[in-house]
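K.L.:
Quick one: the structure is below, and I'll ask about it shortly.
The values are calculated or read from the model by the stated rules, or taken from the named source; none is laboratory data. What you see is a predicted model; the values in this text were computed from it and never measured. In this analysis, Cβ positions are derived from the backbone assuming ideal geometry, glycine residues included, and neighbour counts consider all displayed protein chains.
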Amino acid sequence: MLVTSKQMILSAQKNGYAVGCFNTSDLELTKAIIAAAVAQQAPVMVATSEKAIQFGGIAALAALIKEEAKNASVPVALHLDHGKSIHIVKECLDAGYTSVMFDGSELFLDKNTQMTAEAAKLAHERNVPCEGELGHLGKVGVSSNQLTNPDDVLEFVQKTEVDFLALSIGSSHGVGSDEKLEIELLKKINSLTKIPLVLHGGSGVPDGDIQKAISSGICKINIDTDIRHEFTKDLREILKEHPDEQDPREILAEVMQKVQTLVEKKIKLFGSNNKT
Ligand code: G3H
Ligand code: ZN
């Protein structure tokens, strides 16, 4: 069923697990993610970045994900990941997204606060929750992290009225060789506020750190790179194994199965299995 992300994340916070937020840009990944959630009886967030929206087209992508979500036996939220403009937030709300993120983490704090508040207000007018980001996650090999300053948290949360807060605590976007989480920083932030906390850059973070993060207050975890790597790796292997196969459906069905297996593994690691 298609739901907002609000209740599923509050339940995760209350019961000490994390909801998986998995990125898609197409039919195959969407089906694999939702099939994994159904197999594990887990609430799930299906996320599209601005790049995915550009790739698939917002109307087609939203229609596809909403349809798959409606037919699923588990709660599914359709989420805008890292929306960088008010325009994209509005477009997603108009297209029926049930969760949005405004990412002003590259802006000065004042501007981030002001624009995130604007995005949250728009989302709340539609009863849709909004996530904000404080601190900045770098991209492996491209840019560096700027850890969340705990002194900024309370004011940001109060002024923006966001529902969930994404932190920068050592993980990066992509798979890095040393994505160690700053658990003490996370614990400190978690002691300051009751807002559900979000870990981005989930790919490449050691499982032990993920578990510590969940027990220290993280209740939503974003995974993108691992899924894209799994898809492309499997696709290469399967094409190599079956050089004469001419039917894309045969090839893609195998790839989707492997992506589903990966997502199921993440769901179990996050402890969101059997939580519907
Ligand atoms: O917003 C998406 C995530 O933060 C994914 O990060 O590509 O490192 O898994 P990742
Ligand atoms: Zn992210």
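K.L.:
Taking the stretch 34-59, which residues are within 16 Å of ligand 2 (Cβ to nearest atom) and within 22 Å of Lys266 (Cβ to Cβ)? Spell out how you get there, then give the answer.
P.N.:
Step one: of the stretch 34-59, the residues within 16 Å of ligand 2 (Cβ to nearest atom) are 45-53.
Passing the criteria: Met45, Val46, Ala47, Thr48, Ser49, Lys51, Ala52.
K.L.:
Here's another thing I want to ask about it. Taking the stated definitions as given, is Thr116 polar (S, T, N, Q), within 30 Å of Lys180 (Cβ to Cβ) and in a helix (DSSP H, G or I)? If you could, list the steps in order and put the result at the bottom.
P.N.:
Numbers: polar (S, T, N, Q): yes; within 30 Å of Lys180 (Cβ to Cβ): yes; in a helix (DSSP H, G or I): yes.
Against the criterion (polar (S, T, N, Q), within 30 Å of Lys180 (Cβ to Cβ) and in a helix (DSSP H, G or I)), Thr116 qualifies.
K.L.:
Test Ile88 against the stated conditions and say whether it is of a type in the set (A, V, I, L, M, F, W, C), assigned to a helix (DSSP H, G or I), under 19 Å from the mean Cα position of the chain (by Cα) and within 16 Å of ligand 2 (Cβ to nearest atom). Lay out the reasoning, then the answer.
P.N.:
Numbers: of a type in the set (A, V, I, L, M, F, W, C): yes; assigned to a helix (DSSP H, G or I): yes; under 19 Å from the mean Cα position of the chain (by Cα): yes; within 16 Å of ligand 2 (Cβ to nearest atom): yes.
Against the criterion (of a type in the set (A, V, I, L, M, F, W, C), assigned to a helix (DSSP H, G or I), under 19 Å from the mean Cα position of the chain (by Cα) and within 16 Å of ligand 2 (Cβ to nearest atom)), Ile88 qualifies.
K.L.:
Looking only at the stretch 218-238, which residues are away from ligand 1 (no atom under 11 Å from the Cβ) and under 16 Å from the mean Cα position of the chain (by Cα)?
P.N.:
Of everything in the stretch 218-238, those that are away from ligand 1 (no atom under 11 Å from the Cβ) and under 16 Å from the mean Cα position of the chain (by Cα) turn out to be Ile218, Cys219.
K.L.:
Something else now. Of the residues Ser144, Ser203, which single one is modelled with pLDDT of 95 or more, small (Gly, Ala, Ser) and either exposed (fewer than 15 other Cβ atoms within 10 Å of the Cβ) or assigned to a loop (DSSP other than H, G, I, E, B) (or both)?
P.N.:
Working: Ser144 fails: modelled with pLDDT of 95 or more.
Being modelled with pLDDT of 95 or more, small (Gly, Ala, Ser) and either exposed (fewer than 15 other Cβ atoms within 10 Å of the Cβ) or assigned to a loop (DSSP other than H, G, I, E, B) (or both) holds for just one of Ser144, Ser203, which is Ser203.
K.L.:
Next question, about the same structure. Looking at Asp226, Asp209, can you tell me which residue is within 16 Å of ligand 2 (Cβ to nearest atom) and farther than 24 Å from Pro129 by Cα?
P.N.:
Criteria check complete, one pass: Asp226.
K.L.:
How about the stretch 100-119: which of its residues are buried (at least 19 other Cβ atoms within 10 Å of the Cβ) and either closer than 14 Å to Ala166 by Cα or within 14 Å of ligand 2 (Cβ to nearest atom) (or both)?
P.N.:
Those that are buried (at least 19 other Cβ atoms within 10 Å of the Cβ) and either closer than 14 Å to Ala166 by Cα or within 14 Å of ligand 2 (Cβ to nearest atom) (or both): Val100, Met101, Phe102, Asp103, Gly104, Ser105, Asn112, Thr113, Thr116.
K.L.:
Please give the number of the condition Ala62 fails out of (1) away from ligand 2 (no atom under 16 Å from the Cβ); (2) in contact (Cβ under 8 Å) with a residue 60 or more places away in the chain; (3) part of a helix (DSSP H, G or I).
P.N.:
Failed condition: (2).
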